[in-house]
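The values are calculated or read from the model by the stated rules, or taken from the named source; none is laboratory data. Note that this is a predicted model, so its numbers are computed, not measured. Note that each Cβ is placed from the backbone with ideal geometry, even for glycine, and that neighbours are counted across all protein chains shown. To get the accessible areas, we keep the full protein, side chains included, count just its heavy atoms, and leave off ligands, DNA and RNA. Shrake-Rupley method; radii C 1.70, N 1.55, O 1.52, S 1.80 Å.
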Amino acid sequence: ARWLPPKNIGGRRWYQDDAGMAKYEDEHADPARNLYNEIMSAPGGGSALRTRISNPGQKLLRQDAKLDEPDKYGVKKSFPSWGRVDLLLRNVDGVTDYLRSRDVDRVRKIKDGQLDERERYGLPQDVLMWVYGLGRRRLMEELDQRQCHHKVISCIDVQGLREALLEELQNEQTYSPTRQGVTPGVIQSLSAEQLQTEMAADTVVPLLVSFVEARSPRYLRFREQLAAAARYLLRTIRVVVVDVTENPDVVGDFGITRFPTLIWAQGRTGVEMARELGVLPASSIVDRTRTLFQVKELPEPEKEAAALLVKSGPVSRKFRKPNFERTHPDKHAAVRSINGHSKGFW
C-alpha cells in the first residue's frame, strides 16, 4: 500500500490534506472534527438511521468543527454532509458537482440564435435557456414538483431528465398559454388584471377561482383543503387564488359577498358555471368539479327508434339480454348419471 503522511505532519488537518493548511496549532486534534469524522464515516452513518446523529445536531457539530468557514487562504470549500450510505444512495446530493451537469454551451447557442430549439419544442427562448441551464438536481426537483417522479426514475441521464421536463412544459403551455405560472397541481396567486387574462386564455381547461382574504384565519384553514384538491385534480382544472385585500375591484366585478368564494369558469369563454360560498373540504371541491365538467353520456333512444329496430329483424345473439328468470337444469343430474352408470358397469 502507498504510504500517506499522517495528519499531524506539515500542518495537515486530516489524511490526504495539503501541507500547511492548518490555521492554528494542533488543528488536526480538534475533538469536534474528530467526532464529526467518526460519526459520518461509520457504517450506516449520517442521518439515515435514528440511532445516528440528527440533522440539527449535525449542523451544530459542523459549526463546532468549522467546516463551513474559509480556510487559511480565504477560500470557502463545500464538504459533503452525508455519510457513506447516503453518498452511495444519493450521490447527486453528495460529491457530484451540480454545475457540471448544466449545458452552458447550448444555452449560449440558443441565446445567439444558432440552434432551432424553438421550432423543435415550440417554447419561448427564455424557457429553453432556463431548462438547459438547470443541473441534474434542479431538473429532478422540477419534475417532482409536477408529480412526474416516474419520469425521474426511468431517466438514465441528464439529457433524459431535460427532455422529460421540456415535454411537461409543452403540456403546460397547452394547459395555460398565458405564462403566468399556472401549473397543474399548484395554486397560483393572481392579480385582477392577471385573472382577466387567465379567464380569456385560449385553452379548454376550466378555471377555478378562489376569492379570499389572505390574512384571515378562515383562509389559513381553507388553504390546505384547496391545495389537496388541486393536487388531486391535477390537469383537470386550473386553480388560482385572488386576494381581495390587494385587489378590491374584483368584489364588485364578480359580486363577492362572502369569503372565501369559489367560482368555476368555463375554459376559453370564461362563463361562470357554478359558485360556492364558505369553506369547503377537498372532497367536496373534487366532487363539485367532476359534476360540472364530467363527460356527458349519450341519450337513450326514443320509443319510435326502438320500434324500428325491432321490426328490422331479430336481435343478434351478441346483443340479447340474458334472461335470469328461466329455470336452470339440475346441477346434480350429471353426477347421478355417472354414479348410476358406474354401478351398472362394475
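So here's what we get for this one:
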| quantity | calculated |
| --- | --- |
| Odd one out for V212 among (1) at pLDDT 90 or above; (2) surrounded by fewer than 15 Cβ atoms within 10 Å (Cβ to Cβ) | (2) |
| Candidate set: the stretch 48-105, residues that are among the small types (G, A, S) and modelled with pLDDT of 60 or more; chosen: the one farthest from I153 (Cα to Cα) | G74 |
| Residue pairs meeting the criteria (Cβ under 7 Å; at least 6 apart or on separate chains; first more than 18 Å from M199 (Cβ to Cβ), in the stretch 161-186; second open to solvent by 40 Å² or more (accessible area, probe 1.4 Å) and of a type in the set (S, T, N, Q)) | G185/Q147 |
| Selection count, the stretch 193-209, where residues are open to solvent by less than 70 Å² (accessible area, probe 1.4 Å), hydrophobic (A, V, I, L, M, F, W, C) and more than 20 Å from R290 (Cα to Cα) | 2 |
| Matching option when the condition is within 22 Å of D287 (Cβ to Cβ), assigned to a helix (DSSP H, G or I) and either of a type in the set (S, T, N, Q) or open to solvent by less than 10 Å² (accessible area, probe 1.4 Å) (or both), among L166, L226, L262 | L226 |
| Residues within the stretch 117-153 that are within 21 Å of R179 (Cβ to Cβ) and loosely packed, with under 14 Cβ neighbours inside 10 Å, tallied | 8 |
| Leading residue by the ranking (least open to solvent (accessible area, probe 1.4 Å)) among those in the stretch 9-40 that are over 19 Å from L60 (Cβ atoms) and assigned to a helix (DSSP H, G or I) | E27 |
| E172 vs. criteria surrounded by 18 or more Cβ atoms within 10 Å (Cβ to Cβ), among the acidic types (D, E), within 17 Å of the chain's Cα centre (by Cα) and part of a helix (DSSP H, G or I) | yes |
